[in-house]
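One structure is given below, encoded as structure tokens.
A short reminder: the numbers here are calculations on the coordinates, not readings from a lab. As the structure is a prediction and not an experimental result, all values here were calculated from the model. Glycine also receives a Cβ, built like all others from the backbone with ideal geometry; neighbour counts cover every protein chain displayed.
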Amino acid sequence: MERIKKIFLHHIDQESNLLFEGKSTFLINGILITLILTLSLFLGGCGESSIETPTQELLPEDTGQIMVILRDDEEDFLSYDIDVLSIDLVKVDGTQVSVAPASARVDFIQYTDLSELFSMNTLPTGSYNQITFTLDYSNANLIIQDENGDSYQATAQNTDGETMTTLALSLVLGDDEPLVISKGKISALTLDLDLAATNQIMSFTPAIVQVEPFVNVTLGIDEDREHRARGLLQSVDSDNNILTLAVKPLRKRLGEFGEITIHLDEKTLYDIDGEEVANNDALAKLASLSIDTPIVAFGSVEIIDSVRTYIATKVLAGSSVAWAGQDAFRGVVTARNDDEITISGVVLSPEDKQAVHSNNLVLSIDDSTQFIGFNQQPISAASLSVGQHIRALGEFDDVATFNSANNIVHIKLSQLTGQVVQTDPLVVDIFRFNRKPVASYNFTGTGLTTEQNADPDHYEITTNNLTIDGLADQDWLTVRGYVSDFAQAPDDFKASSLIKKELTQATANFKATWQEPTASVTVDSITYQINWDSTNAEQAMHIRGVPGNLADDNIIQAISSDDEGRYAIKERGVSIRYFAIYADFANALIAELDSGKLVQQISSKGNYDEELQGIKALAVSIILQ
């Protein structure tokens with residue numbers, strides 16, 4: 001049984017998930033804007049199966065464990081780098097237990113499509129009814145971008161216009177649905193700090209972001225999301241195809257974050273000391289590495305023989321991991337002139353734990369540079385064409401050059417969103433390329449001839465026999481794959497997946513705000529449909545990757561839901577209540593409205609329903625004034 005809740009947090013003073021036997025786990029997952037900070041725990045009381053860990057020692061009878069994960073999903077932020085000072089759980093009897101052994105610097109933009117294991121902690125068994133965590137914006141590195149791709153260093157302010165420093169956030173779960181840690185069982189809890197509701201970009205000049213925390217709470221696990229675990233090698237069990245790591249999340253070197261057991265199979269890909277290693281040779285290669293060799297594993301949680309098991313799809317080891325003595329760059333190629341390669345993205349320095357964003361770095365490579373693409377063959381310097389997503393290891397000169405000589409460049413999966421110009425062969429008018437506006441790129445030199453240079457308004461895509469039923473001109477489409485080699489277009493891009501962006505099927509974020517609180521919101525006591533008068537409301541609806549405010553072209557005047565989801569009612573400065581069941585939420589809202597409360601804001605996530613002329617919601621939050 002999985003229960004989902006949603007919380008709208010108030011600023012005081014102003015965290016999907018992996019499973020392991022006898023352990024509770026905490027993960028980071030790692031958007032205007034949605035940022036998601038995810039705390040994940042596994043609850044035996046909800047019928048969750050444990051992850052198989054045959055080499056694990058038994059836990060004391062009065063303890064369980066917790067796994068922590070971070071997650072994010074965004075478009076307007078290029079960097080959201082802040083400090084997580086503490087994460088604590090509070091038992092019903094008031095006992096407080098920390099699940100974060102040390103503070104951590106986190107850039108949540110890294111977690112758009114994945115979650116990160118933050119810690120594996122043993123906790124006393126019992127019921128926990130409160131979660132507290134503290135975020136520090138004092139040295140925040142918030143970088144936002146406008147529709148032209150220009151970037152700005154932003155200041156975070158609270159709703160009173162004051163510069164943000166430390167936020168102490170408190171989640172009260174309530175007596176009826178506490179977090180239960182049971183001996184030998186796994187507990188799962190996910191906390192999502194939602195940037196779409198948490199943040200609002202007020203201006204670009206000056207660059208100001210208004211912050212008011214908003215958190216989703218889920219007693220469960222996001223099995224469909226990719227999970228990342230970083231740490232130091234402790235053992236290799238070649239007979240059972242298992243790695244054990246001492247967890248070292250994010251940029252942490254010190255601190256005890258527990259151990260994680262990772263299962264390998266015949267599909268796992270390996271990058272060890274800068275070389276792609278064949279699957280049948282990889283375990284022996286891993287076993288030859290020294291204890292405490294840095295490892296990064298990407299994978300998923302699968303149910304095998306009724307047991308949740310973490311399976312690694314990709315493993316990086318040794319010098320392939322940015323750990324010591326080298327910097328790491330992640331971003332995109334935005335222009336290229338012969339061997340002069342311009343890149344835009346973030347440089348991470350493990351030595352000083354700083355993240356620096358740059359729109360115009362030069363990537364320096366030579367014959368000693370190694371290129372890795374995980375089955376994308378052939379890989380070479382020619383793979384560094386305009387629009388390609390990359391990750392590079394090397395040395396940043398703190399000015400304008402990132403040097404990857406005698407180091408590694410990873411060719412990563414790229415993603416573009418745009419409108420279909422023609423379906424066969426597929427041609428797309430690009431709007432965004434790897435989250436950046438297409439205006440950020442210069443496609444000069446990408447073609448066999450000048451006339452054949454890639455044209456973002458007429459971008460030619462090899463579909464490799466991928467099809468979408470009913471795809472038509474002007475449809476919005478997300479395409480994932482790899483850019484064709486530099487100076488080799490056409491075709492411009494090789495697709496590995498196609499995703500049609502349909503209004504009634506894609507998840508939309510909707511928000512209605514009234515400058516003056518309104519009494520026009522009503523709830524049907526039978527159907528629980530929420531309606532309002534939108535005359536004086538500022539309304540916006542967005543689908544990720546699709547430009548414009550879809551509320552301008554679609555009537556939105558209702559919200560309804562039939563399912564469990566994430567629902568919240570907040571009265572500013574008074575109380576926060578959250579609900580797993582939509583009917584419970586609706587009845588509580590009816591009571592508030594009947595008592596004379598007014599509505600300041602409605603936020604919702606779900607699918608647009610043409611018949612309803614509104615949102616079939618997965619999540620709803622109401623702010624009362």
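Would you calculate the separation in nanometres between label points at T163 and V97, each defined as 7 Å from the Cα along the Cα-to-beta-carbon direction?
Output for this residue pair reads 3.9 nm.
Long-range amide H contacts for G373: which residues qualify at under 5 Å (H placed 1.01 Å from N, peptide plane, sequence gap of 5 or more or a different chain)?
Distant-sequence amide H within range of G373: I411.
Using modelled amide H (1.01 Å from N, peptide plane; none on Pro or chain starts), what sits under 5 Å from the amide H of L624, excluding residues fewer than 5 places away?
Excluding prolines and chain starts, which carry no amide H, the hits are K570, E571, R572, Q600.
Can you work out the FRET efficiency for the pair A287 and Q474, with r the C-beta to C-beta distance and R0 = 51 Å, to the nearest 0.05?
0.40
Starting at the first residue of region 416-426, write each ³J(HN,Hα) from the Karplus equation 6.51 cos²θ - 1.76 cosθ + 1.60 with θ = phi - 60°, in whole Hz, x for Gly and Pro.
Couplings: 10, 10, x, 9, 5, 8, 8, 9, 8, x, 6 Hz.
Efficiency by 1/(1 + (r/R0)^6): what FRET value for N360 and A487, r their Cβ-Cβ distance, R0 = 22 Å, to the nearest 0.05?
In this case the efficiency is close to 0.55.
Given an 8 Å cut-off on Cα distances and at least 6 residues of separation, report the relative contact order of region 461-596 as a percent.
17 percent
With r defined as the distance between the Cβ atoms of Q422 and D584 and R0 fixed at 60 Å, what FRET efficiency is calculated, to the nearest 0.05?
Taking R0 as 60 Å, the efficiency between Q422 and D584 is 0.75.
Using 7 Å Cα-to-Cβ label points, what is the S368/A405 separation (nm, one decimal)?
My value for the distance between the label points is 0.7 nm.
For a quick check of your reading of the filter: which trypsin sites (Lys or Arg not before Pro) in region 565-625 sit in a DSSP loop and have no more than 16 other Cβ atoms within 10 Å?
R572
Take E302 and D146, extend 7 Å from each Cα along the Cα→Cβ direction, and tell me the distance between the two endpoints in nm.
Placing both labels 7 Å along Cα→Cβ, they lie 4.8 nm apart.
Once phi is turned into θ = phi - 60°, what whole-Hz ³J(HN,Hα) does the Karplus curve with 6.51, -1.76 and 1.60 give for every residue of region 198-205, x standing for Gly and Pro?
6, 10, 9, 6, 7, 6, 9, 10
Using modelled amide H (1.01 Å from N, peptide plane; none on Pro or chain starts), what sits under 5 Å from the amide H of L618, excluding residues fewer than 5 places away?
Amide H neighbours of L618: K605, G606, N607.
For Q515 and S497 in the same chain, what is the full-extension length gain: residue separation times 0.36 nm, less their Cα-Cα distance, in nm?
In short, 2.2 nm is gained.
Relative to the present Cα-Cα distance, how much length would full extension add between N549 and A382 at 0.36 nm per residue of separation?
Here the answer is 56.3 nm.
Hey, can you rank 92-99, 503-510, 429-436 by average C-beta count inside 10 Å, highest first?
429-436, 503-510, 92-99
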